[in-house]
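Following: one structure in structure tokens, then a few remarks.
The values are calculated or read from the model by the stated rules, or taken from the named source; none is laboratory data. Nothing here was measured: the structure is a model prediction, and the numbers come from that model. All Cβ positions, even for glycine, are placed from backbone atoms using ideal geometry, and neighbour counts span all protein chains on display.
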Amino acid sequence: MTGKRFIVTGGAGYIGSHVCVELVKAGCQALVIDNFANSSPKALDRIAEIAGEGVTLLKADLADPADEARIIDAVKAYKPDGAVHLAGLKAVGESVVEPVRYYSVNLPATFTLIRALEAANARLIVFSSSATVYGDLNQSPVDEKGATGATNPYGRTKFFIEEMLNDLARADARWKICNLRYFNPVGAHPSGKIGEDPNGVPNNLFPFIAQVAVGRLPKLKVFGNDYPTRDGTGIRDYIHVVDLAAGHVAALNYLTREEAPGAVVYNLGAGRGISVLEAIAAFKRASNRDIPFEIAPRREGDIAEIYASPDKANRDLGWKATKTLEDMCADHWRWQSGNPNGYRD
């Protein structure tokens, strides 16, 4: 991997910044394409502090036709070996309210990236997909053969892009595609310099817990305590964001092999379930702060339990999640306590 160059769309975001760190550590360079709709340019400075130089920026919007020609020219000039595609809108609830916005951003952004990579003769993509493509599965662990059927517009954009990329690889054998189905990324870089910094009220559990712990939010709502689980609250697979980022480097390394197939899919998860109450208790221990919460009714569409089978990624990519729940909470708290207002400090 040393000396290779990759496009990282959404590279200033939560996952993208951690991917960039791992790429630079692996001896690669990255051109970040980001419009900072839900990220901060300060993240790029922090990446350099952690890993050193190796990341450059193109501020542009992949979904904006006015930026397309400039993006294609920049990618051609960069001469990349491929891309990690993370850019896009990502809030499930928001996608239900604004479905057209999600389709009109996530799909066109991917079209632009494909055209740019075609122009640069760099037909390799690791795509940021999601476990939401599995829909309402009620049997865990979930492997890659699990039935797909996203239940919200966000998940459907991920599923449609996966299918489009698979069709692309079938139509043209020069393309190498890896669809990575994330479970629930949490935590932050152990340095405390980069982490999750959502705009507005967080949509996900861990950043909400962290903002309660640091005093930005008064209390947490736990949606449902009557599920058929060990403590009545929902169980999910949480994966440390550094483990997740390492999975992208492993996927890129796999695709650059001559024998790699045209299109593959892998779950990236820890392979174990953690309940909402267990997550709260662990974060309380890590932060030594009280985490007030109240029980609220179940949310429509939520299921009792889902966690990954990561066996295929373990076997093919030589990748495995190594960090514990305690690591996730300690690292997330280090980021949140050191940056109580995120990158806006």
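Within the range 317-338, residues that are in contact (Cβ under 8 Å) with a residue 24 or more places away in the chain and within 8 Å of H240 (Cα to Cα) have Cβ atoms under 8 Å from residues that are part of a loop (DSSP other than H, G, I, E, B) and not small (G, A, S) in these pairs: A321/P310, counting only partners at least 6 apart in sequence or on another chain.
Considering the range 194-210 alone, what residues qualify as being surrounded by 21 or more Cβ atoms within 10 Å (Cβ to Cβ) and either of a type in the set (K, R) or part of a loop (DSSP other than H, G, I, E, B) (or both)? I194, G195, E196, D197 - these are the residues of the range 194-210 that are surrounded by 21 or more Cβ atoms within 10 Å (Cβ to Cβ) and either of a type in the set (K, R) or part of a loop (DSSP other than H, G, I, E, B) (or both). Considering the range 290-311 alone, what residues qualify as being assigned to a strand (DSSP E or B) and either among the β-branched types (V, I, T) or within 20 Å of V212 (Cβ to Cβ) (or both)? Answer for the range 290-311, where residues must be assigned to a strand (DSSP E or B) and either among the β-branched types (V, I, T) or within 20 Å of V212 (Cβ to Cβ) (or both): F293, E294, I295, A296, I306.
So how many residues does the range 303-335 have that are at pLDDT below 95 and surrounded by 23 or more Cβ atoms within 10 Å (Cβ to Cβ)? I'd like the intermediate steps shown before the answer.
Taking the range 303-335 as the starting set, the residues that turn out to be at pLDDT below 95 are 303-306.
So of that shortlist, the ones also surrounded by 23 or more Cβ atoms within 10 Å (Cβ to Cβ) come out as 306.
Of the residues in that region, 1 qualify.
For D231, the conditions (1) touching a Leu at 6+ places or on another chain (Cβ under 7 Å); (2) in a loop (DSSP other than H, G, I, E, B); (3) over 30 Å from A330 (Cβ atoms); (4) of a type outside the set (V, I, T) are fulfilled apart from (3).
Scan A30, A69, A37, A26 and give me the residue that is out of contact with any strand residue (DSSP E or B) (no Cβ under 7 Å at 6 or more places or on another chain) and either more than 30 Å from V100 (Cα to Cα) or buried (at least 18 other Cβ atoms within 10 Å of the Cβ) (or both). Break it down into steps so the answer makes sense when it comes.
Details: A30 fails: out of contact with any strand residue (DSSP E or B) (no Cβ under 7 Å at 6 or more places or on another chain); A69 fails: either more than 30 Å from V100 (Cα to Cα) or buried (at least 18 other Cβ atoms within 10 Å of the Cβ) (or both); A37 fails: either more than 30 Å from V100 (Cα to Cα) or buried (at least 18 other Cβ atoms within 10 Å of the Cβ) (or both).
The conditions single out A26.
Within the range 271-321, being more than 19 Å from P218 (Cα to Cα) and of a type in the set (K, R) holds for R272, R298, R299, K312, R315, K320. Selection within the range 50-98: residues that are within 24 Å of N184 (Cβ to Cβ) and over 20 Å from the mean Cα position of the chain (by Cα). The member of this set that is modelled with the highest pLDDT is E98. Taken together, the criteria place D237 among residues that are among the acidic types (D, E), touching a strand residue (DSSP E or B) at 6+ places or on another chain (Cβ under 9 Å) and modelled with pLDDT of 95 or more.
Restrict the check to the range 147-164 and report whether at least one residue is touching a helix residue (DSSP H, G or I) at 6+ places or on another chain (Cβ under 6 Å), modelled with pLDDT of 95 or more, under 21 Å from N35 (Cβ atoms) and among the hydrophobic types (A, V, I, L, M, F, W, C). Within the range 147-164, one or more residues are touching a helix residue (DSSP H, G or I) at 6+ places or on another chain (Cβ under 6 Å), modelled with pLDDT of 95 or more, under 21 Å from N35 (Cβ atoms) and among the hydrophobic types (A, V, I, L, M, F, W, C). Taking the range 25-71 as the range and being more than 27 Å from T2 (Cα to Cα) and among the charged types (D, E, K, R) as the test, the residues that pass are D61, D64, D67, E68, R70. Restricting attention to the range 108-136, the residues that are touching a Gly at 6+ places or on another chain (Cβ under 9 Å) and either buried (at least 16 other Cβ atoms within 10 Å of the Cβ) or aromatic (F, W, Y) (or both) total 15. Considering (1) of a type outside the set (D, E); (2) under 16 Å from P310 (Cβ atoms); (3) touching a Phe, Trp or Tyr at 6+ places or on another chain (Cβ under 9 Å); (4) not in a helix (DSSP H, G or I), the lone condition that V265 does not fulfil carries the number (3). So, A282, is that one in contact (Cβ under 8 Å) with a residue 12 or more places away in the chain and in contact with a Cys (Cβ under 7 Å, 6 or more places away or on another chain) or not? Against the criterion (in contact (Cβ under 8 Å) with a residue 12 or more places away in the chain and in contact with a Cys (Cβ under 7 Å, 6 or more places away or on another chain)), A282 qualifies.
For the range 135-170, residues that are among the aliphatic types (A, V, I, L, M), touching a residue at least 40 places away in the same chain (Cβ under 8 Å) and in a loop (DSSP other than H, G, I, E, B) total 1. Taking residues in the range 255-279 that are on the phi > 0 side of the Ramachandran plot, and partners anywhere that are part of a loop (DSSP other than H, G, I, E, B) and buried (at least 21 other Cβ atoms within 10 Å of the Cβ), the pairs with Cβ atoms closer than 6 Å and at least 6 places apart or on different chains are G271/P310.
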